[in-house]
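So the structure is just underneath, and the comments pick up after that.
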There are 2 protein chains.
Amino acid sequence: MPGTAELTAYLEVQRGPVEEALARAVEAFAGDLASDVAEALEYGVTTGGKRLRPVLCVTAFEACGGSVGEAAYDLAASLELIHAYSLMHDDLPCMDDAALRRGRPTSHRAHGEDATMRAGAALIPAAALQALAACERLGSSAEQGRTVAKALLEAAGAGGMVGGQWLDLLGEGQALGAEELDGLHRRKTGALLQASLVMGGLAAGADQDTVDALREYGAAIGLAFQIADDILDATESAETLGKNPSDIELGKSTYVSLYGLEEARARAKAEVGRAVAALSRVGLEAPMLAALARYVVEREK
Amino acid sequence: MPGTAELTAYLEVQRGPVEEALARAVEAFAGDLASDVAEALEYGVTTGGKRLRPVLCVTAFEACGGSVGEAAYDLAASLELIHAYSLMHDDLPCMDDAALRRGRPTSHRAHGEDATMRAGAALIPAAALQALAACERLGSSAEQGRTVAKALLEAAGAGGMVGGQWLDLLGEGQALGAEELDGLHRRKTGALLQASLVMGGLAAGADQDTVDALREYGAAIGLAFQIADDILDATESAETLGKNPSDIELGKSTYVSLYGLEEARARAKAEVGRAVAALSRVGLEAPMLAALARYVVEREK
């Protein structure tokens, strides 16, 4: 498995073409918008960040034999467009009312609530159109393109990140049990991470077993990612995180409050193991995916 | 061309299966949502209203030789899901801050801002997934399904109803000229009406000329619809409209402020003529579409 230095270099190398693809997407979709909405869209999409979802998508695509070029990065960027939409809407005053995101003022603080809401909503069809167009350019069949678009739309919608009937319990101030917490995060964080892997595999023409293994890998690192997030929230200061540690302040259920720090760490590690095992089982040689699974729990925020 | 009584009966007959399709959609997508979001989604979708977009879609589908059943109504309902999203978001406090919609409290007044914003956003991927699934059940090819989904996504996004750089001028309090006003409404109202026709034609396997004619018909009735809207706003009271006549209050540019009432009426009628002529040109025998074009300008709100 690649070491930390090699992985860091890989992430650095991937960042360039991912940012370029995002800039192309902004140019393609923002041109027709009123200028405040266009500015909010660009601001929300070009936030920096780890770009984990596009990197996972491209890495899975390549591991499944896909030839990585501009079109693959455009496909990968569609995931980041959905991610950007979710952050922009989550930060709004009627939701988390967050002031900071990655050390900058949130989009609505910088560009207004209405422009942020519109830009966020505009990113959903933009992402789906971008994924469809990228699949065409990758030479995928119409059937493959449709399956890829479905994976993205499902992750972006009621069956994915917007869903979660467990939120009702949180709304009532109840603490969540293990099953509910897993269920909640499988959707909130997991669905889009999982789609990143699945879309990469599908676009590369991977067989069903491989796509299923990528789905399991995605589910496992999705949980690992959230457990790591909760650990970071519990152990780091707002300054380091570049955002407000609102989960703790609000007394929300977290993996740390449920299991304690040590047990949470062990569970994150176990999920990484499950992710790597899923790939081994179908013989998918993907050392960088194994390294990325480990990175998900070892990263700083 | 069918007379008013016949058209009224047609709209009444269509309403039943359209409402059933919308109820199926709510059941399919709301089940996984937190209960407040699910309630807002159902409230926003089951508002009654004319259901003009689904009716246009099914009517175009049938005129192009499609066999109308449950799947066709599911396809048609996808347009109403997008329409519902746009109304829910438009009414929000950070947008129009509307209190009433069709004589009822707006969604955010009844179910809260956060639930309304989330439910509206969830409707976008839901609509696209619903259109894709309906095309599969209609026996459309993957290529046709992709084209139908694209038409819906484009209408729902930056290239359609969210777009409109002319909004900048409005934001600066400037009056719009004829070209800007047409451009604005071609997107704001026209894009989704146009998609209704195009999607119906595409799903029925219509040839390119016919789809182009439906697109022109859609563009023409889209403008006619907006001119009629402006005329209604200028001549009817808030009580009759069931909403706040905010366009007038805000001194926005309207076709009535631009042309005056008589000229606006003449222009609406001319657009109806253009719509009907586009269908005749390709020999599309669709008396009900002709009647619907006329209805668009003669309706009460």
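Observations
- Count - residues of region B:185-197 that are of a type outside the set (S, T, N, Q) and without any contact (Cβ under 8 Å) to a residue 60 or more places away in the chain: 6
- Residue within region A:66-82 that is surrounded by fewer than 15 Cβ atoms within 10 Å (Cβ to Cβ) and not hydroxyl-bearing (Ser, Thr, Tyr) present: yes
- Test result for A:Tyr295, within 14 Å of A:Asp233 (Cβ to Cβ) and buried (at least 18 other Cβ atoms within 10 Å of the Cβ): no
- Checking A:Gly145, A:Gly163 one by one, the residue that is crowded, with 18+ Cβ neighbours inside 10 Å, at the interface with another protein chain (Cβ under 7 Å from one of its Cβ atoms) and outside any helix (DSSP H, G or I) is A:Gly163 and no other.
- When the helices (runs of 4 or more DSSP H) confined to region B:200-272 are screened for residues that are modelled with pLDDT of 95 or more and among the aromatic types (Phe, Trp, Tyr), none reaches at least 3 such residues.
- Residue in region A:92-112 that is closer than 30 Å to B:Thr147 by Cβ and of a type outside the set (Asp, Glu) present: no
- Matching residues, region B:93-112, being assigned to a loop (DSSP other than H, G, I, E, B) and of a type in the set (D, E, K, R): B:Asp96, B:Asp97, B:Arg102
- Neighbours by Cβ (under 8 Å, 6+ apart or cross-chain): first from region B:121-142, facing chain A (nearest Cβ under 7 Å) and more than 23 Å from A:Gly163 (Cβ to Cβ); second part of a helix (DSSP H, G or I) and basic (Lys, Arg): B:Ala142/A:Arg146
- Test: B:Tyr85 is among the aromatic types (Phe, Trp, Tyr) and in contact with a His (Cβ under 7 Å, 6 or more places away or on another chain): no
- Yes/no for B:Ser86 being within 11 Å of another protein chain (Cβ to nearest Cβ), within 13 Å of the chain's Cα centre (by Cα) and under 25 Å from A:Ala121 (Cα atoms): yes
- Summed over region A:150-160, residues that are of a type outside the set (D, E, K, R), within 7 Å of another protein chain (Cβ to nearest Cβ) and outside any loop (DSSP other than H, G, I, E, B) total 2.
- Residue check for B:Ala175: small (Gly, Ala, Ser), more than 8 Å from chain A (Cβ to nearest Cβ), more than 29 Å from A:Ala142 (Cβ to Cβ) and not in a helix (DSSP H, G or I): yes
- Every residue from region B:131-142 that is within 20 Å of B:Leu81 (Cβ to Cβ) and buried (at least 17 other Cβ atoms within 10 Å of the Cβ): B:Ala131, B:Leu132, B:Ala133, B:Ala134, B:Cys135, B:Leu138, B:Ser140
- Candidates B:Glu80, B:Glu62 - the one that is in a helix (DSSP H, G or I), within 19 Å of B:Ala156 (Cβ to Cβ), at pLDDT 95 or above and away from chain A (no Cβ under 14 Å): B:Glu80
- Looking only at region A:1-34, and only at residues there that are of a type in the set (A, V, I, L, M) and assigned to a loop (DSSP other than H, G, I, E, B), the one that is surrounded by the fewest Cβ atoms within 10 Å (Cβ to Cβ): A:Met1
- Hits in region B:98-119 - residues which are at the interface with chain A (Cβ under 10 Å from one of its Cβ atoms) and either over 19 Å from A:His83 (Cβ atoms) or surrounded by fewer than 17 Cβ atoms within 10 Å (Cβ to Cβ) (or both): B:His108, B:Gly112, B:Glu113, B:Asp114, B:Ala115, B:Thr116, B:Ala119
- Check on A:Glu143, charged (D, E, K, R) and either touching a strand residue (DSSP E or B) at 6+ places or on another chain (Cβ under 6 Å) or within 21 Å of B:Arg118 (Cβ to Cβ) (or both): no
- Restricting attention to region A:35-51 and to residues that are part of a helix (DSSP H, G or I) and either within 22 Å of the chain's Cα centre (by Cα) or buried (at least 20 other Cβ atoms within 10 Å of the Cβ) (or both), the residue that is farthest from the other protein chains (Cβ to nearest Cβ) turns out to be A:Tyr43.
- Residue-level analysis places A:Asp90 among those that are without any contact (Cβ under 8 Å) to a residue 24 or more places away in the chain and in a helix (DSSP H, G or I).
The values are calculated or read from the model by the stated rules, or taken from the named source; none is laboratory data. Everything numeric in this text was worked out from a predicted model, so none of it was measured. A quick note on method: Cβ atoms are made from the backbone with ideal geometry, for glycine too, and the neighbour counts reach across all protein chains shown.
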